[in-house]
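Below is one structure, written out as structure tokens, with a few remarks after it.
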Amino acid sequence: MSNYLETTKNVYKEAAETPDVGLCCTTTPVWQLPGLSIPNIMLEMNYGCGSTIHPRDLVNNPSVLYVGVGGGMELLQFAYFSRRKNSITGVDVVDEMLDAADKNLRLAEKENPWFKRNFVSLKKGNALDLPIEDNSIDVAAQNCLFNIFTKEDLQKALKEMYRVLKPHGKLVMSDPVSEDIIPDNLKQDERLRALCLTGVLPMQEYIDMIASVGFGTIEIRAKRPYRILSPNHYQTDKNIYIESIEVCAIKDPMPEDGPCVFTGKTAIYFGNEEYFDDNKGHILMQNQPLAICDKTAQALKKLNRNDIFISPSTYFYDGGGCC
Ligand SMILES: C[S@@+](CC[C@H](N)C(=O)[O-])C[C@H]1O[C@@H](n2cnc3c(N)ncnc32)[C@H](O)[C@@H]1O
């Protein structure tokens, strides 16, 4: 796999020079916001698999780092929330992609009276060795890049994101995952990997990798069907089902008993008292839903009470949780 990073660069050099509408085929609806006009070329070059734009993360004009810029659509969407010079930094290793994003952002400036090209600064750099200072970023994002990396490189890339984030800063990501076994021949296929198809990990392994670099809180915000790799199109003897997830990892201190991972579980107390207190910081008000992390869900289940409902993971978590 030594050359896969070069193959990836070549794939995205081509995708910068000739927009490839079906390349990543995102099914996530593109954010339409009041007064935001996204140039068509950015839509055609939407090479992500979900969205990393979550308005709740973007209050108070945060400084944003976006790694793997593509056609620049998410840079523009981030800039919508951080309207000041150099508030968004886009990093990419492919010169042609940086040029395309620059051109597209200039077009966006013409279409959006609120947007100035200088809100976004573009830098050449590698996700594995970011040209960014330690502890300087509020929100770091990547969409559909990290899944391409081998596990060793994924760990480097995650460590880099952790390094540049301020304490409590957020790493927002979207990537494909799969619970199916990817045959070795497909995993080793550098082009399929670069196309975000066969480097995928099972979701739990992806979460474990994020936790291993130190993020104390991890949120699964969305999980959607993404692709099928079938024997009639790929060298596999079974269908491989791929999903895309949206994840936010927060640079909170790591709790002693491991990260708080929110997968969209909710607890509801429906006993006879006004509330239930587990004496560990969780108060469940009578018949009020409380979003809980998976550790809390497990601890509540162990109590074996018949007046506490715990929902399955919905993989749709958007804040308000227990820890
Ligand atoms: C699948 S595209 C995603 C583009 C964009 N995030 C989007 O959602 O449209 C991957 C992007 O990462 C860039 N890239 C590839 N390898 C990289 C690396 N090692 N470091 C930084 N960027 C890289 C590519 O040039 C391309 O812009």
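Please work out if A141 is buried (at least 24 other Cβ atoms within 10 Å of the Cβ), under 26 Å from R191 (Cα atoms), without any contact (Cβ under 8 Å) to a residue 40 or more places away in the chain and touching a strand residue (DSSP E or B) at 6+ places or on another chain (Cβ under 8 Å).
no
So C49 fits all but one of (1) assigned to a helix (DSSP H, G or I); (2) at pLDDT below 95; what number is the exception?
Of the numbered conditions (1) assigned to a helix (DSSP H, G or I); (2) at pLDDT below 95, the odd one out for C49 is (1).
Go through (1) within 15 Å of the ligand (Cβ to nearest atom); (2) surrounded by fewer than 24 Cβ atoms within 10 Å (Cβ to Cβ); (3) within 14 Å of Y4 (Cβ to Cβ) one by one and return the number of the condition Q188 breaks.
Result: Q188 fails condition (1) only.
Taking the criterion of being at pLDDT below 95, touching a Ser or Thr at 6+ places or on another chain (Cβ under 9 Å) and not small (G, A, S), would at least one residue in the stretch 1-22 satisfy it?
Yes, the stretch 1-22 contains a residue that is at pLDDT below 95, touching a Ser or Thr at 6+ places or on another chain (Cβ under 9 Å) and not small (G, A, S).
Hey, any hits in the stretch 102-110 for a residue that's more than 22 Å from the chain's Cα centre (by Cα), under 13 Å from A16 (Cβ atoms), surrounded by fewer than 23 Cβ atoms within 10 Å (Cβ to Cβ) and not basic (K, R)?
yes
Name the residue that is farthest from the chain's Cα centre (by Cα), counting only residues in the stretch 157-176 that are surrounded by fewer than 20 Cβ atoms within 10 Å (Cβ to Cβ) and assigned to a helix (DSSP H, G or I).
R163
May I ask you to verify whether L58 is of a type in the set (A, V, I, L, M), surrounded by 18 or more Cβ atoms within 10 Å (Cβ to Cβ), assigned by TED's automatic domain parsing to the domain that holds E111 and in contact (Cβ under 8 Å) with a residue 60 or more places away in the chain?
Considered against the rule, which asks whether it is of a type in the set (A, V, I, L, M), surrounded by 18 or more Cβ atoms within 10 Å (Cβ to Cβ), assigned by TED's automatic domain parsing to the domain that holds E111 and in contact (Cβ under 8 Å) with a residue 60 or more places away in the chain, L58 comes out as yes.
Conditions (1) farther than 20 Å from T296 by Cβ; (2) in contact (Cβ under 8 Å) with a residue 12 or more places away in the chain; (3) surrounded by fewer than 16 Cβ atoms within 10 Å (Cβ to Cβ), marked per residue:
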site	(1), (2), (3)
G216	no, yes, no
E219	no, yes, no
P231	yes, no, yes
K238	yes, yes, yes
E243	yes, yes, no
V247	no, yes, no
D252	no, yes, no
E256	no, no, yes
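Condition first: loosely packed, with under 13 Cβ neighbours inside 10 Å and within 32 Å of the chain's Cα centre (by Cα). Now tell me which residues in the stretch 270-287 satisfy that.
K280, G281
Which numbered condition in (1) within 9 Å of the ligand (Cβ to nearest atom); (2) farther than 18 Å from I88 by Cβ is the only one that R163 fails?
Checking R163 against (1) within 9 Å of the ligand (Cβ to nearest atom); (2) farther than 18 Å from I88 by Cβ, the one that fails is (1).
The values are calculated or read from the model by the stated rules, or taken from the named source; none is laboratory data. If you're wondering where the values come from, they're calculated on a predicted model, not measured in any experiment. So basically every Cβ, Gly included, is an ideal-geometry build from the backbone, and we count neighbours across all protein chains shown.
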